[in-house]
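Worksheet: one structure, shown below.
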Amino acid sequence: MTHMNALPADNSRAKRNVTILVLAQAILGAQMPMIFTMAGLAGQSLASNICWATLPISLMVGGSMFWANPVSWVMQTFGRRIGFWLGTLGGSVGAAISAYALSQADFTLFLVGSFIMGLYQSAQGFYRFAAADTATPEFRPKAISYVMAGGLAAAVIGPQLFNLTNDMMVVPFMGAYVAVIGINLVGSLLFFGLDIPKPEKPHADAPKGRTRLELLRDPVIAVAIICGMVSYALMNLVMTSTPLAVVGCGFETDMAGNIVTAHVLAMFIPSFFTGHLIARFGTRKVIALGLTILGLAGIIALQGVELENFFLALVMLGLGWNFGFIGATTMLSGAHAPEERGRVQGMNDMIVFGCVTVASLASGGLMNCSGGSAVEGWSAVNLAMVPFLALAGASLIWLMLRPRDEI
């Protein structure tokens, strides 16, 4: 059964909130492509063993998993605005610690800063849910899609800001981390305009909703989590290793940034019409399309290590993530009751980012410690996608074959 999980809907209010969240995604979200471009390279320069090059990214994503339930509780108890401010605080503090760690060449402290930055990434993950809070069921998939589209500007701002600030200081990457602090301070001002009512405290006789275990037994929720998890984890697996692969195959660091830019553009440009596709064809077909495109990205990457292969594979990777992840988010947002919102969203993001953490950690190991060359490592990364795509595809087919009255 589909549930209405939003607060009382008012599309005029929803459109205002969506506008603010789009700007937040564009400005605050710019730090994410910056970090994913530089954290692995910085880790490679600091770590005593290059197999741990992507550990900073793993710790940041692991932080997202760790903070997901606390952030969800804060938003459920005190409102979205407080939760989003908490995220920008984590982004600022984590970036400051990371910048200082770079100045001291301290890998352990750099990992601490990366973990704290995961607090921002966790809060950012709730932008898409906040977009649905005040939207009507008809506007909800479009609201989620538009907010995700804000990443389009982030895809341009982030890597270019990285190129501008990367060499501003004597210590490589330190200037870019200082820029991340500024992004969080400026972006936090946006949330003063957010108009999402704080959830009412439940009365003693109010519905309690299902337990986490009961929610996971819901076929729609289970498949939505699996497909969102696989879409995000595989995107992260390949994207995290891309700068290492590009530089390892003899190309310049700036070229790695350009490829990440193309990838992030592909992640968010489709968001302008993904919501319309979902409204017309349904979430399941859009998710299936996303998983298929992710598979094609891996096939293209395995065909060679020329620049065109990197560009095309990463563009396809971004496109597949968009359809798979937004489709899964929309499926999840309509599968639970209002009183279950915080429980479901926190659990979902904890599971998703937990798998993304494993993927980002595996990315460095596969890239640097599989075979004797960057080419062999890059092949290992892309071959690792196969079993997980099979898992998500099988779960989606299982859901599609179930009788409607059992869902």
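The values are calculated or read from the model by the stated rules, or taken from the named source; none is laboratory data. This is a predicted model, so every value here is computed, not measured. Note: ideal-geometry Cβ built from the backbone for every residue, glycine included; neighbour counts use all protein chains shown. Each accessible area value is taken on the protein alone, full model and side chains, heavy atoms only, with ligands, DNA and RNA left out. Shrake-Rupley method; radii C 1.70, N 1.55, O 1.52, S 1.80 Å.
For region 1-122, build the convex hull from the C-alpha positions and give me its volume per residue in Å³.
Taking the convex hull of the Cα positions in region 1-122, it is 124 Å³ per residue.
In 20 Å bins starting at 0, how do the alpha-carbon pair distances of the chain split up by percent?
Final binned percentages: 30, 59, 11, 0.
In deg cm²/dmol and to the nearest 500, what is the mean residue ellipticity at 222 nm of the chain if only DSSP H runs of at least 4 residues count, each as -39500 (n - 2.57), divided by the residue total?
That calculation yields -25500 deg cm²/dmol at 222 nm.
With every protein chain kept in place and ligands, DNA and RNA left out, what is the accessible area per residue of region 162-302? Probe 1.4 Å, answer in Å².
Per residue, region 162-302 has 45 Å² of solvent-accessible surface.
Kirkwood hydrodynamic radius, computed over distinct alpha-carbon pairs, for region 329-374: how many Å, to one decimal?
12.9 Å
At 1.4 Å probe size, put Asp106, Asp167 in order of accessible surface, largest to smallest.
The ranking, largest first, comes out as Asp167, Asp106.
If R0 is 22 Å, what FRET efficiency do you get for Thr77 and Phe192 from their C-beta distance, rounded to 0.05?
The value I calculate is 0.65.
For region 92-240, go through all pairs of different Cα atoms, get the mean of 1/r, take its inverse, and jot down that Kirkwood value in Å.
Every distinct Cα pair counted, the radius reaches 18.7 Å.
What ranking, highest mean first, results for peptides 82-94, 32-44 when packing means the other Cβ atoms within 10 Å averaged over each residue?
Ranked by mean Cβ neighbours within 10 Å, highest first: 32-44, 82-94.
Fully extended, how many nm does the chain gain between Ser12 and Cys51 (0.36 nm per residue separation, minus their Cα-Cα distance)?
Extra length from Ser12 to Cys51 when fully extended: 9.0 nm.
Quick one: if you take sqrt(5λ) for each eigenvalue of the C-alpha gyration tensor of region 170-264, what semi-axes come out, biggest first, whole angstrom?
Taking √(5λ) for each Cα gyration eigenvalue gives 40, 25, 10 Å.
For Ser373 and Thr211, what is the calculated FRET efficiency with R₀ set at 56 Å and r taken between the beta-carbons, to the nearest 0.05?
Plugging the Cβ-Cβ distance into 1/(1 + (r/R0)^6) gives 0.65.
Can you give the log10 of the normalised intensity I(q)/I(0) at q = 0.15 Å⁻¹, computed with Debye over equal Cα scatterers of region 275-399?
-0.80
Under a cut-off of 24 Å between alpha-carbon atoms, report the lysines in cross-link reach of Lys208, not counting same-chain residues fewer than 8 places apart.
By straight Cα distance, Lys208 reaches Lys198.
Under a no-solvent Debye model with one identical scatterer per Cα of region 50-126, what's log10 I(q)/I(0) at q = 0.23 Å⁻¹?
Result of the Debye calculation: -0.91.
To one decimal place, what orientation-averaged projected area in nm² is obtained for the convex hull of the Cα set of region 282-351?
5.4 nm²
For the Cα atoms of the chain, what angle does the longest principal axis make with the long axis of helix 386-401, in degrees from 0 to 90, nearest 10?
10 degrees
Could you tell me how many degrees, from 0 to 90 and to the nearest 10, lie between the Cα long axis of helix 307-333 and the main elongation axis, the longest principal axis, of the Cα atoms of the chain?
Long axis of 307-333 versus the principal axis of the chain: about 20 degrees.
Using only the alpha-carbon atoms of region 346-407, report the extent along each of the three principal axes, biggest first, to the nearest angstrom.
Projected onto its principal axes, the Cα set of region 346-407 covers 54, 26, 9 Å.
How large is Rg over Rh for region 191-319, taking Rg from the Cα atoms and Rh as the Kirkwood inverse mean of 1/r across Cα pairs?
1.12
Who wins for biggest fluctuation among Leu312, Leu294, Leu244 in a Gaussian network model of the chain, springs between alpha carbons below 10 Å?
In this elastic network of the chain, the residue with the biggest mean-square fluctuation among Leu312, Leu294, Leu244 is Leu312.
Over the heavy atoms of Trp398, what accessible area does a 1.4 Å probe trace out, to the nearest 10 Å²?
120 Å²
With just the Cα atoms defining each centre, how far is region 226-293 from region 324-384? Give it in Å.
After rounding, the separation between the Cα centres reads 12 Å.
May I ask for the angle, rounded to the nearest 10°, between helix 374-383 and the longest principal axis of the chain, with both axes built from Cα atoms and the value confined to 0 to 90°?
20 degrees
Please give the contour-minus-distance gain from Lys285 to Leu383: 0.36 nm per residue of separation, less the Cα-Cα distance, rounded to one decimal in nm.
32.8 nm
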